[in-house]
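Read through the structure below, which is laid out as structure tokens, and then see the notes.
Each reported figure results from applying straightforward, stated rules to the coordinates on display, with no laboratory input. Remember, it's a predicted structure, so these values are computed and weren't measured experimentally. All Cβ positions, glycine included, derive from the backbone under ideal geometry; neighbour counts span all protein chains shown.
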């Protein structure tokens, strides 16, 4: 199974994901990369350009260059880096804008900490790829800015969003479907991911403390210790403000928390918890076909669609749980998740992955192939993580 699994992952990465994101998304007219593409490959010429898409493109190209050393991919990484620094960076107030117009001028000047974290994550990866000191310097500079502006010294954690001048925003939502609360699981998860990547290139004592604090916040505030599932939104002093279960975030968080603990040498403290999270996701969130449902509430599925990114995270999360526990049911779950991706999520006609399929496994052709949120981050990262782990096995 492991050899078959590994070959299938490599085929998907090299034969589908990489060709799409290296050939179809360059914006030759306005610079940088296109903002939106429909599922049939039609480009929306007037679409805005999002910080998340561009930061994730930078991370993806840097990570792929580390994987295969191809010069065309390194050039794309530099293109992404230069566009972010020239257009998204606020030279007056520091930090990075949330959204640009198609021509690269500011459209939404909010400083959403989720977005700042992804720039840190991408810059650290670009340093790992090139060794250029400027990437490390900029990543550390942005880490210090996040700590100065967003960290809550009273209750711990980080506030969600700020206006251009770093006044706390009144609308704190990350996306339209989110709640306007001062703290969220999602932002903290990706600050943790970003800080973990930064620690790989800068093992600073204060950074290690912040990573440890974030892990403790997950263990003591964000994870419901009865269900071993994430709670999603909180007020300033960590009172829970939501009752939705996000199965994709649960399984993604299980391996990202473990990754952070491994980075600082404290993985033993989280292994039982993260394996328990994977176990709960497997028992409650996985359909008979191996696909991961989108959302639940109090143990009941409330959204049976299967989005692209939870499937990617399921394959990695279950394989990670297998590597910790040695329980073969996790290995089989990871392989079944991957088989579901290859059969139903991977778009064999137009390339890349569908945004989602329904319970009958029919793709939603109305959703974007590329957008502010649809990027190569989840699937590229999943492939690279799976290949690394499968090679070790």
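Among rounded, prolate and oblate, which fits the chain when a ≥ b ≥ c are the square roots of the eigenvalues of its C-alpha gyration tensor, a/c under 1.5 means rounded, and a/b larger than b/c means prolate?
Working: a/c = 1.33, a/b = 1.07, b/c = 1.24.
It is rounded, given that a/c, with a ≥ b ≥ c, falls under 1.5.
Roughly how many Å is it from the Cα centre of the range 289-364 to that of the range 1-78, as a whole number?
So the separation of the two Cα centres works out to 21 Å.
Over the chain, with a Gaussian network built from C-alpha contacts below 10 Å, which listed residue (92, 181, 367) shows the highest mean-square fluctuation?
92
Normalising by the residue count of the chain, find the relative contact order in percent from Cα pairs under 8 Å and 6+ residues apart.
Working: 686 pairs, mean separation 69.9, N = 393.
This gives 18 percent for the chain.
Mind pulling up the Rg/Rh value for the range 244-304? Radius of gyration and Kirkwood radius, both on Cα.
On the way: Rg = 12.7 Å, Rh = 12.1 Å.
Here the Rg-to-Rh quotient is 1.05.
Listing 226, 38 from the residue with the fewest other Cβ atoms within 10 Å to the one with the most, what is the order? Could you put the intermediate results ahead of the total?
Details: 226 6, 38 16.
Fewest to most other Cβ atoms nearby, the residues stand as 226, 38.
Would you order 61, 294, 247 from fewest to most other beta-carbon atoms within 10 Å of each residue's own beta-carbon? Intermediate values should be presented prior to the final figure.
Working: 61 30, 294 21, 247 27.
Lowest count first: 294, 247, 61.
In 5 Å bins starting at 0, how do the alpha-carbon pair distances of the range 316-393 split up by percent?
3, 14, 21, 22, 17, 12, 7, 2, 0
Any idea how far the Cα center of the range 155-227 sits from the one of the range 112-146, in Å?
Taking the Cα centre of the range 112-146 as reference, the centre of the range 155-227 is 16 Å away.
Report, in deg cm²/dmol and to the nearest 500, the calculated mean residue ellipticity at 222 nm for the chain, where each DSSP H run with n ≥ 4 adds -39500 (n - 2.57) and the sum is divided by the residue count.
Working: 13 runs with 192 residues, N = 393.
So the helix-based figure for the chain works out to -16000 deg cm²/dmol.
Could you give the length gained by full extension between residue 358 and residue 343, i.e. 0.36 nm per residue of separation minus their alpha carbon distance, to one decimal place?
Values: separation 15, 0.36 × 15 = 5.40 nm, distance 1.36 nm.
Length difference between fully extended and current span is 4.0 nm.
Going 7 Å from the Cα of residue 288 toward and past its Cβ, which residues in the range 355-383 have a backbone nitrogen under 18 Å from where you end up?
Residues 358-362 qualify, since their backbone N sits under 18 Å from the label point.
What is the range 344-393's relative contact order, in percent, from Cα pairs under 8 angstrom and six or more apart in sequence?
About 22 percent, as a whole number.
Would you look at the GNM of the chain, springs on alpha carbons closer than 10 Å, and say which of 129, 321, 177 moves the most?
177
How do 7-13, 195-201, 162-168, 359-365 rank on mean C-beta neighbours within 10 Å, highest first? Walk me through the numbers on the way to the answer.
Working: 7-13: 16.9, 195-201: 21.1, 162-168: 14.3, 359-365: 12.6.
Put in order of decreasing packing, that is 195-201, 7-13, 162-168, 359-365.
Figure the gain on full extension for residue 240 and residue 366 (residue separation times 0.36 nm, minus the Cα-Cα span) and round it to one decimal in nm. Intermediate results must be reported in sequence, preceding the final value.
On the way: separation 126, 0.36 × 126 = 45.36 nm, distance 3.39 nm.
Gain on extension, residue 240 to residue 366, equals 42.0 nm.
If you bin every alpha carbon distance in the range 97-209 into 10 Å steps from zero, what whole percent lands in each bin?
Spelled out per bin, shortest first, that is 14, 44, 33, 9, 0.
If packing is taken as the average count of other Cβ atoms within 10 Å, what order do 131-140, 44-53 fall into, highest mean first?
44-53, 131-140
How much length is gained if the chain between residue 103 and residue 297 is pulled fully straight, taking 0.36 nm per residue apart and subtracting their Cα-Cα distance, in nm to one decimal? Can you show the working numbers first?
On the way: separation 194, 0.36 × 194 = 69.84 nm, distance 4.18 nm.
Once the chain is fully extended between residue 103 and residue 297, it gains 65.7 nm.
Suppose each label sits 7 Å from its Cα in the direction of the beta carbon; what would the residue 266-residue 329 distance come out to in nanometres?
3.0
On alpha carbon coordinates alone, what is the Rg over Rh value for the range 203-253, Rh being the Kirkwood radius? Could you put the intermediate results ahead of the total?
Working: Rg = 12.5 Å, Rh = 12.0 Å.
Rounded to two decimals, Rg over Rh is 1.04.
Note down the relative contact order for the range 201-356 as a percent, whole number, built from C-alpha pairs under 8 angstrom at least six residues apart.
Details: 221 pairs, mean separation 29.2, N = 156.
Answer for the range 201-356 is 19 percent.
Pop the C-beta distance of residue 226 and residue 28 into the FRET formula with R0 = 41 Å and round what comes out to the nearest 0.05.
Details: r = 53 Å, r/R0 = 1.30.
Approximately 0.15, to the nearest 0.05.
Pick from 60, 109, 14: which residue has the top mean-square fluctuation in a GNM of the chain where Cα pairs under 10 Å get a spring?
Of the options given, 14 has the highest mean-square fluctuation.
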